[in-house]
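Below is one structure; the comments refer to it alone.
Just so you know, all these numbers are worked out from the coordinates, no wet-lab data involved. These figures come from a predicted structure and were not determined experimentally. Here the Cβ positions follow ideal geometry from the backbone for every residue, glycine too, while neighbour counts run over all protein chains shown.
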2 protein chains.
Amino acid sequence: MTDAQSRLEHLASLLRKNEHRLTPQRMAVLRLLALSVDHPSASQLYDQIHAQFPTTSRATVYKTLNLLKELGEVLELGFADDDKRYDGNKPYPHPHLICVRCRKIMDPAVSIAADMLQQVAQQSGYQILGHRLDFYGVCPECQEGG
Amino acid sequence: MTDAQSRLEHLASLLRKNEHRLTPQRMAVLRLLALSVDHPSASQLYDQIHAQFPTTSRATVYKTLNLLKELGEVLELGFADDDKRYDGNKPYPHPHLICVRCRKIMDPAVSIAADMLQQVAQQSGYQILGHRLDFYGVCPECQEGG
DNA sequence: GTGCTTGCAAACAGTTTGCAGATAG
DNA sequence: CTATCTGCAAACTGTTTGCAAGCAC
């Protein structure tokens, strides 16, 4: 069984366990999220799903994403001037690498040291609940294109 | 001369140098930005300015902030579900500490090691242009309040 | 059969924009 | 004087919401 398949089953059984219904529309969102390595937006998910199942609305995609977010199974990356992007595979804080040209989002192989979180907590007295680290740059493909 | 005063003069002379006019409305925005230690939103700036100078519109506040951003004199922190916040004193990337209750934003005394940026650049092949690091938590004052 | 879920369309909110009148230099 | 700036109000955009009809269980 592939990672994507087991992730999909995890998501599906979690919905069932929490007494949410497994509609075809929801399954389509779950499947795409489990398969995606990039970080799709609601609109990108909608476009793909709607092409296959024309009986799917934007509202349902948004509602499903928010449901998964509340269940802690999806990481939402919000942007002020751009669509929100969703990570259905690693729903916990981790760094992202964002191409400012093509808007591709990758996961770089670095992490915030636990030291740093403790340091901030101690210095500030804040109770730290989460964090977000984004790197902005130009991806190799976009560098070639001028 | 205080830091805020010299910062204000810097901003004012920069506008003049770039052939932008120093209107009273702009000066009010500049002054507040130079004085602010928290990270005000456009609306917060507007409220304060409009109280003193009723002849000031939201649009002008937004336009002035965007002008300063283009000149590289203000750091804009955008949020998907909240107002943008502005830092007129340190207009370069640095970490922020955000209280999820009262929405106060502070600067913690930590920084991203240059090592980390280089590491990401080398691993990924991206040309890194900037970054953003936000810590989310509950500030000491809000912890007391339950 | 019951009540959760869907699709539609309208609402929402912060920000941006077009334009006519005002004003800094 | 004149080009830039202001204030107003409408437009914009991604997301959310209310509601009647549909369907999972």
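A few comments on the model shown:
- Those residues of the stretch B:17-72 which are of a type in the set (Phe, Trp, Tyr) and closer than 25 Å to residue B:96 by Cβ, in sequence order: B:46, B:62
- Taken over the stretch A:47-86, the criterion of being more than 14 Å from chain B (Cβ to nearest Cβ) and near DNA strand D (Cβ under 9 Å from one of its atoms) is satisfied by A:55, A:57, A:58, A:59, A:60, A:61, A:63.
- Residue match in the stretch A:74-84 (condition: in contact (Cβ under 8 Å) with a residue 24 or more places away in the chain, loosely packed, with under 15 Cβ neighbours inside 10 Å, within 8 Å of DNA strand C (Cβ to nearest atom) and of a type in the set (A, V, I, L, M, F, W, C)): no
- Test: residue A:98 is of a type outside the set (D, E, K, R), part of a strand (DSSP E or B) and within 14 Å of chain B (Cβ to nearest Cβ): yes
One line per residue, one yes/no per condition, for (1) within 14 Å of DNA strand C (Cβ to nearest atom); (2) hydroxyl-bearing (Ser, Thr, Tyr); (3) part of a helix (DSSP H, G or I); (4) at negative phi:
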{"residue": "B:8", "(1), (2), (3), (4)": "no, no, yes, yes"}
{"residue": "B:13", "(1), (2), (3), (4)": "yes, yes, yes, yes"}
{"residue": "B:21", "(1), (2), (3), (4)": "yes, no, no, yes"}
{"residue": "B:25", "(1), (2), (3), (4)": "yes, no, yes, yes"}
{"residue": "B:34", "(1), (2), (3), (4)": "no, no, yes, yes"}
{"residue": "B:38", "(1), (2), (3), (4)": "no, no, no, yes"}
{"residue": "B:44", "(1), (2), (3), (4)": "yes, no, yes, yes"}
{"residue": "B:54", "(1), (2), (3), (4)": "yes, no, no, yes"}
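- Here residue A:108 fulfils each of the conditions (1) assigned to a loop (DSSP other than H, G, I, E, B); (2) within 7 Å of chain B (Cβ to nearest Cβ); (3) surrounded by fewer than 17 Cβ atoms within 10 Å (Cβ to Cβ) apart from (3).
- Within the stretch A:113-144, being under 26 Å from residue B:141 (Cα atoms) and more than 7 Å from chain B (Cβ to nearest Cβ) holds for A:114, A:115, A:117, A:118, A:121, A:122.
- For the stretch B:6-35, filtering for residues that are surrounded by 15 or more Cβ atoms within 10 Å (Cβ to Cβ), farther than 17 Å from residue B:71 by Cα and in contact with a Phe, Trp or Tyr (Cβ under 8 Å, 6 or more places away or on another chain) leaves 2.
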